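Asker: Here it is, the structure in full.
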Amino acid sequence: MSQKTLTDSGREGAVEASADASAKRWWILAVVALAQLMVVLDATIVNIALPSAQADLGFSDGNRQWIVTAYALAFASLLLLGGRIADLFGRKTAFLIGVVGFAAVSALGGAATNFEMLVTARALQGAFGALLAPAALSLLNTTFTDARERARAFSVFGAIAGAGGAVGLLLGGVLTDGLDWRWTLYVNVVIAVVAFAGGWLLLHNHRDAANSKLDVPGTLLVAAGLFSLVYGFSNAETHDWGSPETWGFLVAGGLLLTAFAWWQTRAAHPLLPLRILLDRNRAASFLAVLISGGGMFGVFLFLTYYLQLNLGFSPTKTGAAFLPMVAALMVAAQVSTTMLVPRIGPKVVIPLGFAVAAVGMAWLTGIGVGSSYLSAVLPQLIVTGFGLGLVMPPAMQLATGGVAAEDAGVASATVNAMQQVGGSIGTALLNTLAASAATDYLVGKDPTNKLTQARATIESYTTAFWWSAGLFAVGALITFLVFRRGVPEQDANAAPVVHM
């Protein structure tokens, strides 16, 4: 055989190997995105089913909030630990354990016979989600290293992270209307079987931080700090802001997180190396995820109330009403990550996205008692969704891009923590402001009049929308000031090593 033939044969083999590896990467994206969807939609899928679950199990209105809060508390407080476990013991191991655990406790929740069993299952869901979510995002970060492919992958992942709440509302409505509230939990078992099979076949276990040790004091400080912070904001919904159960936990959370930051500068193996936070683009991206997580609740939470209570939409129809927003978000995700950020940089794109989302939310304040979905809700949802699609996918990409492979898990966990804490802050703040607006509107009016009650409710919604618009406007200003000028170099020059 001639030298030329051998050379051509070797070149063809290399091309085939490269094509196989590329195909495998996209299958990994599908598996990881499916697992992320399971975690994200569980933050909202149960919400629509709560009235049915409450009627079935007979728990009080006061206990109802704990079905949501238990998940948020466990998820937020254990995220950094979950991310570090993925770095220390391997991302495939963390991913598979997270998937199996999440499915098992979802089945437990679906089979709940009382409130205690259901709330325990929800807390365990949050714990396994805290292991699964950072493992999924760090797998994506270490699998896609080509700048163009990485942009496409993060456009899909970021769109799921942003739109998962709306998908949860739709799926929760369909399952509750068509089957039973328990299927909002059982559905995770079906998703998990597919995710586990794909992860088992496609992923390889690599321990990038195998020589490090777990920072136990740091883990305790940050878990207690995040728990206190989320718990404090959750109490703000049911207690006064002046209640010790609100401000006491918020102060404790702030002090614990301050102590955690101090300890990270002295720990031999820090849980969250401060080098991850000191890059300007990464810090700005974390802030973008935090702010967008808070503002998005103004869309999902209060618009869900408006559609069901004021316009008379069924749970399924309510979920379907959010689909145009999801579509706009996914289109903007592709445009922002694959075209705009690689060409003009995040300093323009992400503030622009916040500004567009702010316009959409401000426009949404025009709703009234007799408004139409097609004219008073749909266009505004599309605008807001497009704006958020310019923010979340590129922010998540920049927040995890360029980190050392051994820090990928904890960087990914920080992104999820920002989104979760932002959502908790947004829920508590907007709920409180909305309730105050409704109370103020009723001063001097007949509170028994149904039209007056309806207008007071509208006043509470529009107040929440105005504050969401303001939050997005603040996001536009902060990200414009913090992001560096120009196209980020990290995707091309500081990509992590591939471990598939």
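The values are calculated or read from the model by the stated rules, or taken from the named source; none is laboratory data. Quick caveat, the model's predicted, so the values are computed rather than measured. Reconstructed Cβ throughout: ideal geometry from the backbone, glycine too, with neighbour counts over all protein chains shown. What goes into the accessible areas is simple: the full protein's heavy atoms, side chains included, and nothing from ligands, DNA or RNA. Shrake-Rupley method; radii C 1.70, N 1.55, O 1.52, S 1.80 Å.
Asker: Being surrounded by fewer than 18 Cβ atoms within 10 Å (Cβ to Cβ) and polar (S, T, N, Q) is the filter; apply it to region 366-383 and report the residue that is nearest to Asn281 (Cα to Cα).
Answerer: By that ranking, first place goes to Ser375.
Asker: Now for a different question. Quick check on region 244-251. Is at least one of its residues at pLDDT 80 or above, open to solvent by less than 80 Å² (accessible area, probe 1.4 Å), under 26 Å from the mean Cα position of the chain (by Cα) and within 15 Å of Val421 (Cβ to Cβ)?
Answerer: Yes; the residues of region 244-251 include at least one that is at pLDDT 80 or above, open to solvent by less than 80 Å² (accessible area, probe 1.4 Å), under 26 Å from the mean Cα position of the chain (by Cα) and within 15 Å of Val421 (Cβ to Cβ).
Results for (1) modelled with pLDDT under 80; (2) of a type in the set (Lys, Arg); (3) under 26 Å from Thr69 (Cβ atoms); (4) open to solvent by 10 Å² or more (accessible area, probe 1.4 Å), shown as yes or no for each residue.
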position: Gly385; (1), (2), (3), (4): no, no, no, no
position: Leu390; (1), (2), (3), (4): no, no, no, no
position: Pro393; (1), (2), (3), (4): no, no, no, no
position: Leu398; (1), (2), (3), (4): no, no, no, no
position: Glu406; (1), (2), (3), (4): yes, no, no, yes
position: Gly423; (1), (2), (3), (4): yes, no, yes, no
position: Gly426; (1), (2), (3), (4): yes, no, yes, no
position: Gly444; (1), (2), (3), (4): yes, no, no, yes
position: Asn449; (1), (2), (3), (4): yes, no, no, yes
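Asker: Residue by residue through region 407-439, note down the ones that are touching an Asp or Glu at 6+ places or on another chain (Cβ under 8 Å) and either among the acidic types (Asp, Glu) or under 29 Å from His269 (Cβ atoms) (or both).
Answerer: Once the filter is applied, which keeps residues that are touching an Asp or Glu at 6+ places or on another chain (Cβ under 8 Å) and either among the acidic types (Asp, Glu) or under 29 Å from His269 (Cβ atoms) (or both), region 407-439 yields Asp407, Ala408, Gly409, Val410.
Asker: Pick out the one residue from Ala121, Ala112 that is at pLDDT 80 or above, closer than 30 Å to Thr316 by Cα and not in a helix (DSSP H, G or I).
Answerer: Unique residue meeting the criteria: Ala112.
Asker: Being under 18 Å from Ala284 (Cα atoms) and over 19 Å from the mean Cα position of the chain (by Cα), is that true of even one residue in region 316-336?
Answerer: no
Asker: Can you tell me which of (1) at pLDDT 75 or above; (2) of a type in the set (Phe, Trp, Tyr); (3) open to solvent by 40 Å² or more (accessible area, probe 1.4 Å) is the one Phe75 doesn't meet?
Answerer: If we test Phe75 against (1) at pLDDT 75 or above; (2) of a type in the set (Phe, Trp, Tyr); (3) open to solvent by 40 Å² or more (accessible area, probe 1.4 Å), just (3) comes out false.
Asker: Please go through (1) within 14 Å of Val410 (Cα to Cα); (2) at pLDDT 75 or above; (3) open to solvent by less than 10 Å² (accessible area, probe 1.4 Å) for Asp87 and return the number of the only condition it doesn't satisfy.
Answerer: (2)
Asker: Follow-up. From the list Thr93, Thr7, which residue is of a type in the set (S, T, N, Q) and modelled with pLDDT of 70 or more?
Answerer: Among Thr93, Thr7, only Thr93 is of a type in the set (S, T, N, Q) and modelled with pLDDT of 70 or more.
Asker: Does region 345-356 contain at least one residue that is open to solvent by 10 Å² or more (accessible area, probe 1.4 Å) and at pLDDT below 85?
Answerer: Within region 345-356, not a single residue is open to solvent by 10 Å² or more (accessible area, probe 1.4 Å) and at pLDDT below 85.
Asker: Pick out, from region 263-328, the helices (runs of 4 or more DSSP H) lying fully within it that include 1 or more residues that are open to solvent by 40 Å² or more (accessible area, probe 1.4 Å) and at pLDDT 80 or above.
Answerer: 280-305, 315-321
Asker: So which residues in region 201-221 are at pLDDT below 60 and part of a helix (DSSP H, G or I)?
Answerer: none
Asker: Ser52: open to solvent by 10 Å² or more (accessible area, probe 1.4 Å) and in contact with an Asp or Glu (Cβ under 9 Å, 6 or more places away or on another chain), yes or no?
Answerer: Working: open to solvent by 10 Å² or more (accessible area, probe 1.4 Å): yes; in contact with an Asp or Glu (Cβ under 9 Å, 6 or more places away or on another chain): yes.
Yes: the conditions hold for Ser52.
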